[in-house]
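Trainee: Attaching a single structure in structure tokens format; questions to follow.
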Amino acid sequence: MPPVFNEKCTACFKCVEICPGDVLREGDGKPKVAYPDECWHCGACMMDCPADAVRLDLPLWMRPVTKRVK
Amino acid sequence: MTKTIKTDVLVIGGGLSGCMAAINAADHGAKVAIMEKSHTERSGAAGTGNDHFWFWDPEIHHRRGWTIPDMVRDISFDGEYGKTKGGLMDQELLEIVAEGTKEAVDNLESWGIQFRYDEIYPWNLQYEAPEGEKRFRIVPQFQSEWDTLNYDGRDIKRRLTEQCLKRGVEIYNRVSGTGLLIVDGKVVGATGVNMRTGEFHVFKAKAVVMATGMDQMRLFRAQSGDWFNSQSPPYITGDGEAMALRAGAEVFILQAGKSRNAGFQYFRNLSRSSGTATTCYPAGRFVNSEGEVMIRHPAVREPLRKRREEVERSIAEGKTPFYLDLTDASEEEIRYVEWSYGHEGLCWVILEIMKDLGLDFRKDAFELELEPTGKLSGGFLALYIDTDCHTNLPGLYACSPVQFAGEVAAPTYVVLGWRSGEKAAEYAQEAAEPTLDAKQVESEERRVTAPLNAEDGHPWQEVNKEINNIMEEYKGYVAGWNLPREDAEVSRAGLENCIAQLEKLKAAEMKAEDPHELVRCNEVMNLIDIGIMMVKAALEPEQHERGIWFLGRQVEGEPEFRKTPIVIKYPSKGDA
Ligand SMILES: Cc1cc2nc3c(=O)[nH]c(=O)nc-3n(C[C@H](O)[C@H](O)[C@H](O)COP(=O)(O)OP(=O)(O)OC[C@H]3O[C@@H](n4cnc5c(N)ncnc54)[C@H](O)[C@@H]3O)c2cc1C
Ligand code: SF4
Ligand code: SF4
């Protein structure tokens, strides 16, 4: 699902600045996901966050299907 | 609310090619502005990085007996990859690209992107370098020669943005280009709208470079049913092509493609980078459900084409699905894969998510999607340029998308971007001060902002879905050209009906709740214009099949691919 912002967020809004999909907006003390359906799950918000405050999960239909071999 | 900006060269789209164009135009003395829909630091197909780069190095490759024409022939015809291309690639442009790659690497290196390393590995090309000098990590990718660099390109867009700003290039982020301005047949600027503020922008420019990217995303139905689960950015919706079409530019069109290789695609569910096919060098093995190896590694040494019998036997014996299995690789190989994967666009985040999900290349095999033979893909439309990157419209240059030279990916756009910047700056130097046509600007503003001002109308998603439905019909009919005569008539009638449906959709009113949605509405309007053009081209005579592509109707034998594009003027009366 679109990014989740944890308590480490310093509200610098770098993620809002760079999100390629224009999905994020400045919210109250942290970013808000304004257009959740349009998230590309590209990870740019997570990559550029200076505070390690972003986690991104994938919706079920994007999760890799795997098999434990070892 | 209108903002007017005056510049010498306007670049529309600040992706890889657009940033290169802007930098070089500035280096040639021009005042430059970039209009970018998202944000140049992370926008476009290379937004979260690139990890490989096709190149020709006079030192390395010449010594190995490979010339530029050899490289171009290999990638277009002779090599494993070339064989699937049916000679469609533009040879002249590709030679220019190959020739420019080493300079591009040198430039990118000087801007802080690491291409050379103290350590190279046994699976990299072993070549002589002066004592103590770092070396490139060169691998064979799809071609016969070792001609591809693995490198750390994760922040390539940030470095390019820095170089633009250093040269005084004005970057207008979040401003989406909507139309070209033409006076006396010359391109004199463009308009755009800010997707956060709604402010309408008018750029007055002596020359314009179109660099809005290679795709018409969301024109066809998404493979996974989710438009935003895509390899290329789902926000690249053919805006540049539509703007150029409306201005009367010549375009290059490929109709639907048909897969022949039954190739392995992405990880199942995840329309991500081609990482499975490329990045997992040197250790990626494709196995069937019994763990039997189909392909030991996916690069050129063992092309799928040659192993297809084995894949087909596995399917017949029910030994499916197929997996990417690295579990037998050495730790050193896995680390290399992770290093490379971490720089490939969209893949760094997969490594992060794998941690959260407890997945590990050392332990887990990843299910792959197997593309069925004969599967139809959507068509492709691009601007048509000469070797100076000039379109047929005076003042309009383009570097992306352009006629089929793009299969070597980033190098094409880096080099053609660079070239178009130089040529546009030279043109701007000679060009007179442009004057705008106020009426044209006004009517363009009305057209573009209509969905925001509409009382009522369809949301963009609704119209986009209907475009997908119509284009699915189109795909079927284009493939139908292969059928006997009577069916060809059915296809013709079907295609004509697709045009009628798209025209009707074009007249439907849309409603945007905010400036962000306004840009999505404009994307959808552009997709309709592109769809109409693609279907009309399918109705033109003299079309045929090359490589994996239909260029419309198949004719007897295999005619030479002619470089002449199908020219249809906008608005089209249906005449060629
Ligand atoms: C996940 C992924 C990984 C890749 N990895 C590699 C690799 O390792 N090696 C390689 O050679 N190639 C790779 N490629 C391909 C390579 O990234 C592209 O070929 C390259 O980025 C194309 O450059 P471009 O300038 O044509 O388009 P892009 O870089 O996509 O730039 C287009 C720009 O135009 C902007 N834009 C679009 N519409 C508008 C508008 N209306 N107004 C204003 N701006 C607009 C976009 O926001 C974007 O910034 C990869 C591609 C993807 C998707
Ligand atoms: S970049 Fe990180 S710290 Fe800054 S606003 Fe976003 S989540 Fe918060
Ligand atoms: S994952 Fe990409 S598209 Fe989604 S919110 Fe983050 S930066 Fe934006």
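Trainee: Kindly evaluate B:GLU128 against the criterion of being more than 30 Å from B:HIS516 (Cα to Cα), of a type outside the set (Phe, Trp, Tyr) and modelled with pLDDT under 95.
Mentor: Criteria met by B:GLU128.
Trainee: Moving on to the next point. Taking the stated definitions as given, is A:CYS9 more than 7 Å from every other protein chain (Cβ to nearest Cβ), part of a loop (DSSP other than H, G, I, E, B) and touching a Gly at 6+ places or on another chain (Cβ under 9 Å)?
Mentor: For A:CYS9, the condition - more than 7 Å from every other protein chain (Cβ to nearest Cβ), part of a loop (DSSP other than H, G, I, E, B) and touching a Gly at 6+ places or on another chain (Cβ under 9 Å) - is met.
Trainee: When residues of the stretch B:164-206 are filtered for being in contact (Cβ under 8 Å) with a residue 24 or more places away in the chain and either aliphatic (A, V, I, L, M) or assigned to a helix (DSSP H, G or I) (or both), how many remain?
Mentor: Qualifying residue count, the stretch B:164-206: 15.
Trainee: So if I check each of A:VAL23, A:VAL33, which one is more than 7 Å from chain B (Cβ to nearest Cβ), open to solvent by 10 Å² or more (accessible area, probe 1.4 Å), under 21 Å from B:ARG218 (Cβ atoms) and aliphatic (A, V, I, L, M)?
Mentor: Just one listed residue meets the conditions, A:VAL33.
Trainee: B:PHE228 passes all but one of (1) closer than 30 Å to B:ARG268 by Cα; (2) touching a residue at least 24 places away in the same chain (Cβ under 8 Å); which number fails?
Mentor: If we test B:PHE228 against (1) closer than 30 Å to B:ARG268 by Cα; (2) touching a residue at least 24 places away in the same chain (Cβ under 8 Å), just (2) comes out false.
Trainee: For the stretch B:19-43, which positions are near ligand 1 (Cβ under 8 Å from one of its atoms), within 14 Å of chain A (Cβ to nearest Cβ) and either of a type in the set (A, V, I, L, M) or touching a Ser or Thr at 6+ places or on another chain (Cβ under 8 Å) (or both)?
Mentor: Passing the criteria: B:GLU36, B:LYS37, B:THR40.
Trainee: Moving on. So which residues in the stretch A:11-32 are within 11 Å of ligand 2 (Cβ to nearest atom) and of a type outside the set (D, E, K, R), if there are any at all?
Mentor: Residues satisfying the conditions are A:ALA11, A:CYS12, A:PHE13, A:CYS15, A:VAL16, A:ILE18, A:CYS19, A:LEU24, A:GLY27, A:GLY29, A:PRO31.
Trainee: Tell me, which residue of the stretch A:59-70 that is at the interface with chain B (Cβ under 7 Å from one of its Cβ atoms) and part of a helix (DSSP H, G or I) is surrounded by the most Cβ atoms within 10 Å (Cβ to Cβ)?
Mentor: The extreme case among them is A:MET62.
Trainee: Let me ask you something else. Just to be sure I understand, how many residues within the stretch A:36-58 are open to solvent by 50 Å² or more (accessible area, probe 1.4 Å), within 11 Å of ligand 2 (Cβ to nearest atom) and part of a loop (DSSP other than H, G, I, E, B)?
Mentor: 2
Trainee: Yes or no: B:GLN126 in a loop (DSSP other than H, G, I, E, B) and open to solvent by less than 30 Å² (accessible area, probe 1.4 Å)?
Mentor: no
Trainee: On to the next question. Looking at the stretch B:259-281 only, could you name the residues that are at pLDDT 65 or above, away from chain A (no Cβ under 13 Å) and open to solvent by 20 Å² or more (accessible area, probe 1.4 Å)?
Mentor: B:PHE264
Let's see how each residue does on (1) open to solvent by less than 40 Å² (accessible area, probe 1.4 Å); (2) among the aliphatic types (A, V, I, L, M); (3) more than 19 Å from B:ALA21 (Cβ to Cβ); (4) in contact (Cβ under 8 Å) with a residue 40 or more places away in the chain:
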{"site": "B:SER340", "(1), (2), (3), (4)": "yes, no, yes, yes"}
{"site": "B:ILE350", "(1), (2), (3), (4)": "yes, yes, yes, yes"}
{"site": "B:ILE353", "(1), (2), (3), (4)": "yes, yes, yes, no"}
{"site": "B:ASP356", "(1), (2), (3), (4)": "no, no, yes, no"}
{"site": "B:TYR397", "(1), (2), (3), (4)": "yes, no, no, yes"}
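Trainee: Okay, next question. Taking the stretch B:355-386, which residues are more than 14 Å from chain A (Cβ to nearest Cβ) and touching a Leu at 6+ places or on another chain (Cβ under 7 Å)?
Mentor: Correct list: B:GLY378, B:GLY379, B:PHE380.
Trainee: Quick check on B:PRO459: is it within 14 Å of chain A (Cβ to nearest Cβ) and away from ligand 2 (no atom under 16 Å from the Cβ)?
Mentor: yes
Trainee: Anything in the stretch A:40-60 that is within 7 Å of ligand 3 (Cβ to nearest atom) and in contact with a strand residue (DSSP E or B) (Cβ under 7 Å, 6 or more places away or on another chain)? List them, or say none.
Mentor: If the condition is that a residue be within 7 Å of ligand 3 (Cβ to nearest atom) and in contact with a strand residue (DSSP E or B) (Cβ under 7 Å, 6 or more places away or on another chain), then A:CYS45, A:MET46 are the ones that fit.
Trainee: Search the stretch B:405-418 for residues being at pLDDT below 80 and out of contact with any strand residue (DSSP E or B) (no Cβ under 7 Å at 6 or more places or on another chain), and hand back the single one that is nearest to ligand 3 (Cβ to nearest atom).
Mentor: Going through the qualifying residues, I end up with B:GLY406.
The values are calculated or read from the model by the stated rules, or taken from the named source; none is laboratory data. Note that the structure is a prediction, hence the values are computed from the model and not measured. Neighbour counts are summed over all protein chains in view; Cβ atoms, including those assigned to glycine, are modelled from backbone coordinates with ideal geometry. Heavy atoms of the whole protein, side chains included, go into the accessibility calculation; ligands, DNA and RNA do not. Shrake-Rupley method; radii C 1.70, N 1.55, O 1.52, S 1.80 Å.
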